[in-house]
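Quick note: the coordinates plus some simple rules give every number you see, no bench work behind them. Given the structure is predicted, the values throughout are model-derived calculations rather than measurements. Every residue, glycine among them, receives a Cβ derived from its backbone with ideal geometry; neighbour counts consider all protein chains shown.
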Amino acid sequence: MNIESPGMPYNFADLEPAMSRDTLVFHLLRHQRVCFDRMSAMLRGTEFATLSLEEVIRATERNPAQHALYRYAAEVWNHNLYWRSMRPRGGGVASGLVGDQIRARFGSHERFVREFKEAASEHFGSGWLWLVWRAGSLEIVTTSNAGTPLVRGDTALLALDLWEHAYYLDHQNRRSAYVSTFLEELVNWDHANRTLAELNSSSDTRAAARPRVALEPERVGIL
Ligand SMILES: [Fe+2]
């Protein structure tokens, strides 16, 4: 199998006090790793066994007979981006190219924050909240359950897990407090900037969807 066992780019306690060690331990070991193990068992001996994670998701999404495999694979991919959407001492006003694009699309960081929080509170049940690059602009979108923008042709810049297991230990049922903490103390704008910069520099058929603002590489930091 060509898919790595999932992990985080930081230690379990590194996001404290914004996100507790217990939340990250349970989330990785009791949720994402379970999805990974079930996906691995389903892949074994099949035509999908040598594919990348992204290829498995795209190959199974439209096939009802493979939908359990799709859900587990998508949850692994979604969580991989979620871990990278946070960093120790993150949060605050968006920087770099993404900051420029937020002001171009939403008018101000404050209005972006308002729309991001509204999207989280209006989403019913389990799912995901995303900041994506779509057809030359930023968009805030949600998906239900294991849904992923990977199969919609969007480029996901940030992922926020809206399943209760992501925040219940720290915030109980207060999803709004979890989303505020994510924006104020955790969000990793550097990762979003790197993804958008990679998209900008790619020479494939997505050229029409490139950012309209010139890149300023020195502003795209590395975690
Ligand atoms: Fe999760």
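For His31 and Glu122, FRET efficiency with R0 = 22 Å and r from the beta-carbon atoms, rounded to 0.05?
Numbers: r = 24 Å, r/R0 = 1.08.
Efficiency at R0 = 22 Å is approximately 0.40.
For the chain, give the magnitude of the charge dipole about the Cα centre (Cβ charges: +1 Lys/Arg, -1 Asp/Glu; no others), in debye to the nearest 20.
Around 280 debye, computed over the chain.
Specify the residue with the greatest mean-square fluctuation among Thr60, Thr181, Thr46, computed from a Gaussian network of the chain linking alpha-carbon atoms under 10 Å apart.
It is Thr46.
Any idea which of Leu196, Pro149, Val34 is furthest toward the positive side of the dipole for the chain, if Lys and Arg beta-carbons carry +1 and Asp and Glu beta-carbons -1?
Positive-most Cα among the choices belongs to Pro149.
For the chain, modelled as a Gaussian network with Cα springs under 10 Å, which listed residue fluctuates most, Pro64, Pro17, Pro88?
Pro64
Over its Cα atoms, what ratio of radius of gyration to 2.2 N^0.38 Å does the chain give?
Normalised Cα radius of gyration, the chain: 1.00.
Ranked by Cβ crowding within 10 angstrom, fewest neighbours first, how are Glu198, Glu61, Glu54 ordered?
Working: Glu198 11, Glu61 19, Glu54 14.
Exposure proxy ranking, most exposed first: Glu198, Glu54, Glu61.
Remind me, what semi-axes does the stretch 37-161 give for its equivalent ellipsoid, largest first in whole Å, using sqrt of 5 times each Cα gyration tensor eigenvalue? Each step should come with its number before you reach the end.
Numbers: eigenvalues 185, 39, 37 Å².
They are 30, 14, 14 Å, listed largest first.
Under the definition of Cα pairs under 8 Å and six or more residues apart, what whole-number percent is the relative contact order of the stretch 1-150?
The value is 20 percent.
Work through the residues other than Ala177 whose Cβ is under 12 Å from its Cβ and net out their charges, Lys, Arg +1 and Asp, Glu -1. Present the calculation step by step, with values, prior to reporting the outcome.
Working: positive: Lys117, Arg174, Arg175; negative: Asp170, Glu184, Glu185.
Summing Lys and Arg as +1 and Asp and Glu as -1 gives 0.
So for the stretch 1-90, what percent of the C-alpha to C-alpha distances run longer than 15 Å? Could the numbers behind the result be given before it?
Details: 2358 of 4005 pairs.
So the pairs more than 15 Å apart make up 59 percent of the total in the stretch 1-90.
Considering only Asn11, Asn145, Asn200, give the residue with the highest GNM mean-square fluctuation for the chain, with springs between Cα atoms whenever their separation is below 10 Å.
Asn11
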